[in-house]
Structures are given as C-alpha cells and as structure tokens.
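Remarks on the structure that follows.
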Amino acid sequence: MATEELQAIIQRCQILEEEDFKGEDFNLFQVAGQKCLEEGYAAEVLEVIQNEKNKVIVKSMGWNLVCPLVRCILSYKQEDEKREHCLKILDQLVQLCNPKELLLGLLEQIEQTSGEQISHTILLLLQPLQTVLLKLHSKKSYSVGLSLSTILNQLSLLPVPYTKEEIREDKLGLCQCCNAIVDFAKPFVDEVVKNMETSTENDDEELKEELLKFCLKSLKYPLLIAQLDQLQEDIEEDPLRHFAAEILGILLDIKELLPTLFSHRGNRNQNWDNPDFLDVDRKHSADSLACLSYLVFVQYFGIDCFPMVSNHQRSEVLEQPSKGSNQTLCTFFQLQGLVKVMTLCPIEHLRKKSLKILQLYIDKFDAEGKYTLFRCLLKTSNHAGVEGYVIQNIKNQIDLSLKKANDSKWFTGPQLVSLLDLVLLLPEGAETDLLQNSDRIMASLNLLRYLVIKDNEYDNQTGIWTELNKIEQNFLKPLHTGLNMSKAHYEAEIKKSHNSKAVCSVTVGGEKMPNMTTEMQLQVLHSALFTFDLIESVLARVEELIEVKIKTIT
C-alpha cells in the first residue's frame, strides 16, 4: 500500500543524519510520495510533512514532490478537500525545503507545462516561487532573472487576445498572468528602489539589470502585439493596458527613465558587463523600444513623468536647443510641444516665433538627425501646414546634397526614396480633402518639380526616375481624380448659392464655418476653386517636365 511504503522510507531516514541520505532514499521517497498523492492520500502525506520529526527529511527530499503535487492540484476541482490538502503540502514545502532546490523544482514545472495548463500552473506557483526567492536574501539576482525569463517564455506560447470579447474572456489566462507577474516582481522592484542610492552591493545593480530585462521582454511580448488603442470608455477595464502601465512604472521606479533608454539606443549594450544581458539586449532592444515609443508617443503612457513648461516660458525654453547632432527624446518632446504652439496657439506672434524656433532646431542637426526628424514630423504632426514646411526643408537638404557629393547619403539614393514615400502620396488617395491638405500638396508638387529639373535622368542621384511609376500611381493620378471631383463639387455649390439668398453654413476642410451670407459663401467657394486651379497648373507643369525628360531619354 502506498502509505505504508511512504512510512517505511520515513522510518528508515528518521534515524539517519542528513549527510547520510543516499540517492536510493531520495528515489524511494519520491516514488512513495507520488504514489500516495496520485491514489488520493493527500491527507496522509500532509500529516507526514507536518510531523516535526520529519523536518530534516522534508528539507532535503520534499522538493521531489513538487511535480506530482502540481499535477494533483490542477486535476482536482476547486472545492475538493484533497486539493486543499495538496495546497497545504505545497505551503509546507515552501517553508521547509532548501530554497535553491525547491526553486529548480518549481521552475521545472512551469517549463514543462503546455497548452491550457500554462496559465493555471503559473498562477498556482507564482506565490510559492516569490516566497522561495525572497528566502535567498542578497544573492538572488540570477534566480529572479531566471524565474521571470522562464515565466515570460512560457507566456509567449499563448496567443495574445485581440478583440474586446477575447480580452474579456481571457480564455487561456494570458491577461491574468501578466498582471499577476507584476505583483510577483513588486518586492524585488521595491528592494532595488530602497537600496539604489544607499547600497554599494553589486547584487542590487544586478537585480536592477534583471528587472530591466524583464521589462524589455514584456514590451516585446505581449505588449508589442497587443491591441492597446482602445476607445476611452474601454481603457480602464483593459488588463493589457494596465500591464503596459505597470511595466512603464517599473522602468520609472528603477530609474531606467525613458529618455535614458531612447537616447542610448545605439550603444546601450556597451554599458553592460553581463554577456547574457548583451544577447538579450541585441535581440529585444529594437522591438522593445519600438513598443515603448508607441506607448509614450501615441498612447501617452508615462507622459506626466516628463518636465513640462507652461505659459510664456515655453517659447523661451524652446529657443535653447540641446547641443549635439543626434536627436534625443527630450528634443522630441520639445518639438511636439513646439508644433502644438505653431498650430493651436491663438496668439499670432507666438505662432510665428514658434516657426522660427522650429527652423533653429532643424538647423542644429546633422544630415542623419535632420532625416530622422523630418520622418518623425511627417508621421506625427497631422497638420498640412507643418508637413508643407517640412517638405520645403527636405527640398533644401536635397539641394545641398546634390551640390556636395560627399554628403549625399541621407538625401539622395535609397534613403531619399524611403523619405519620398512619405511625401509624394495623398493620405487618403483621391478621397483626400485637397483644400485642407493644399499646403502639403503644393510643397510636394514643388519638390517633385525641382527633382525632375535638377536630377539628371542618367545619373538618377535621387532615385526619382526609377520610382516614377510608383509616384504616378500613388500621387499624380489620384491627385488628378481628386481635383476633378473637388472642382465639380465646388462648382455645383456655387450654382446652388446663386439660386439661393438664404443665410447658410459651409463646411471647409472638415470644419463647419459660422453662418454666412450668400456673398460670403460665394467668396469662400471661389477661393477654393482658385486653390484647385493653382494645384492643377503646377501638376500640369510637373507632368510636362516629366514627359519632356522621358522623350529626351528615348
């Protein structure tokens, strides 16, 4: 009988000293204990574990019961008394066993689980695992890192829920595990925070590195894949958004502030002595920082942790760009604020001053910095006037590059072609609001006109001639269609206005204008037609130049 076998090995070992235990004793204890658990004698096993006389035996051999114990706990129903006995056994093992051996036993169970059992196993063992790690005291950094990595590796096998229904259902438990692992990490974060400024022990720095690795891996999975741009009313109940906020909170708590992560992205791994961390950093850095930039710049996580300037001081501060040629996160935030002043401030002289400051900023960067800045502004400004101004600056940089052959990398060839993909297109194809985007469209057409005139088709330094078909499909043809549609619409509106003398309202560029008389309405409509005619004339000139150049080639 299983219980008799267990009692026999217990009685045999009770008379031995710990150092006299043999491999055979460990095997017999494991087999007998497993058999008891699987046959439903959890209460009897608990009695053995709780017996003070067996304390030394449990300390040395008890961790071998983790595997069958976890299997039994997961197989029993929540209300089953046997499950309660098994949980008490696990708690006793955590209190009595050698923490290093028990740690390996717990991690082995997490590693070996699969499918639907992954989340159940992790949620079951996180608390015992945390307790074991805390018992390691000062020399636990590696073990904490190993535990976090093992858990995340297993969670990465689970699909990330995407829709609101999937997130709410959380069928495989990923969301629940993500927020549970934050609670698991909390005492280690608190320890780092407490000792960061006073401790000279190397282990504290190592623990901080392990927590940073955990944050980077979490940013890559699941947060990089997660659907985080929920509607405002859904935000508070989204567990993955909560997890994202917690990860950023850890980064801030351990003083790995976002500016540090971003401003050192190119050479960050040179600062790490741990070769294991170098591998993780190289593998995860790009994806992790991409996710982090999305969370900060798009979803505004942690935005309140950055210093802000208010009132009249804003422009004065922005007039003092940081030195150096490469873009920093601080500079990016200053520029975002600057663009808002340029486009939203109701005070005209501040808007004009902001435009001058923007040019000062642009001039501070080298070619690579300007290139990065232009791409960033084109993607984030969401304002046709700003985009038009950026495109004019791009034209100026291309002109400089064509005149200086040794400085042509970023504004000629493949790099320029990639940048032009953001410039020579209509955001919504032929359906684009041409009036609202007229500044951008005119700047794009003038840039294209310049490229066609200046770049010799045989040299093709800008790559414009090999990209001509794409430009026609993405920009010129949709622009023709959009002009025809827009002109027809506004001409029809003019006819309507001539036939009506009532006061009416007009929508221009997506904005509803104040009520206006027929005369005022006609003035607005004719002004719009004039803008379309101007765009059309530049478009015709560009196409004429292209045709002439192509005929010259043939």
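The values are calculated or read from the model by the stated rules, or taken from the named source; none is laboratory data. This is a predicted model, so every value here is computed, not measured. Backbone-built Cβ (ideal geometry, glycine too); neighbour counts: all protein chains shown. Just the protein is used for accessible areas: all its heavy atoms, side chains included, with ligands, DNA and RNA removed. Shrake-Rupley method; radii C 1.70, N 1.55, O 1.52, S 1.80 Å.
See the values below:
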{"item": "Residues being exposed (fewer than 15 other Cβ atoms within 10 Å of the Cβ) and among the acidic types (D, E) - total across segment 134-184", "result": "3"}
{"item": "Test: residue in segment 484-499 that is at pLDDT below 90 and not in a helix (DSSP H, G or I)", "result": "yes"}
{"item": "Among residues of segment 22-34, those that are outside any helix (DSSP H, G or I) and buried (at least 17 other Cβ atoms within 10 Å of the Cβ), counted", "result": "0"}
{"item": "The one condition in (1) touching a Phe, Trp or Tyr at 6+ places or on another chain (Cβ under 8 Å); (2) outside any loop (DSSP other than H, G, I, E, B); (3) over 27 Å from N484 (Cβ atoms); (4) not polar (S, T, N, Q) that E457 fails to fulfil", "result": "(2)"}
{"item": "Tally, over segment 96-105, of residues that are open to solvent by 30 Å² or more (accessible area, probe 1.4 Å) and farther than 13 Å from L65 by Cβ", "result": "4"}
{"item": "Tally, over segment 61-95, of residues that are under 15 Å from Y41 (Cα atoms) and open to solvent by less than 20 Å² (accessible area, probe 1.4 Å)", "result": "9"}
{"item": "Where a residue in segment 443-462 is surrounded by fewer than 21 Cβ atoms within 10 Å (Cβ to Cβ) and its partner, wherever it lies, is acidic (D, E), with Cβ under 9 Å and at least six apart", "result": "Y450/D399; K454/D399; Q461/D455"}
{"item": "Scan of segment 395-442 for residues that are outside any helix (DSSP H, G or I) and open to solvent by less than 20 Å² (accessible area, probe 1.4 Å), ordered by number", "result": "F411, T412, L424, L426, T432, L434"}
{"item": "Of all residues making up segment 181-196, the number that are over 26 Å from T121 (Cα atoms) and under 25 Å from the mean Cα position of the chain (by Cα)", "result": "2"}
{"item": "Some residue of segment 4-23 being of a type in the set (D, E, K, R) and within 48 Å of the chain's Cα centre (by Cα)", "result": "no"}
{"item": "Contacts under 7 angstrom Cβ, first residue in segment 517-541 being over 19 Å from I453 (Cα atoms) and outside any helix (DSSP H, G or I), partner open to solvent by 60 Å² or more (accessible area, probe 1.4 Å) and β-branched (V, I, T), 6 or more apart", "result": "T517/V503"}
{"item": "Number of the exception - K55 against (1) modelled with pLDDT of 90 or more; (2) open to solvent by 80 Å² or more (accessible area, probe 1.4 Å)", "result": "(1)"}
{"item": "Segment 163-174 residues that are touching a residue at least 60 places away in the same chain (Cβ under 8 Å), paired with ones that are open to solvent by less than 60 Å² (accessible area, probe 1.4 Å) (beta carbon under 6 Å, 6 or more apart)", "result": "I167/P161"}
{"item": "Helices (runs of 4 or more DSSP H) contained in segment 264-383 and holding at least 1 residues over 27 Å from A226 (Cβ atoms) and at pLDDT 50 or above", "result": "329-344, 348-364, 367-380"}
{"item": "Of all residues in segment 9-21 being loosely packed, with under 12 Cβ neighbours inside 10 Å and in a helix (DSSP H, G or I), the one that is modelled with the highest pLDDT", "result": "Q11"}
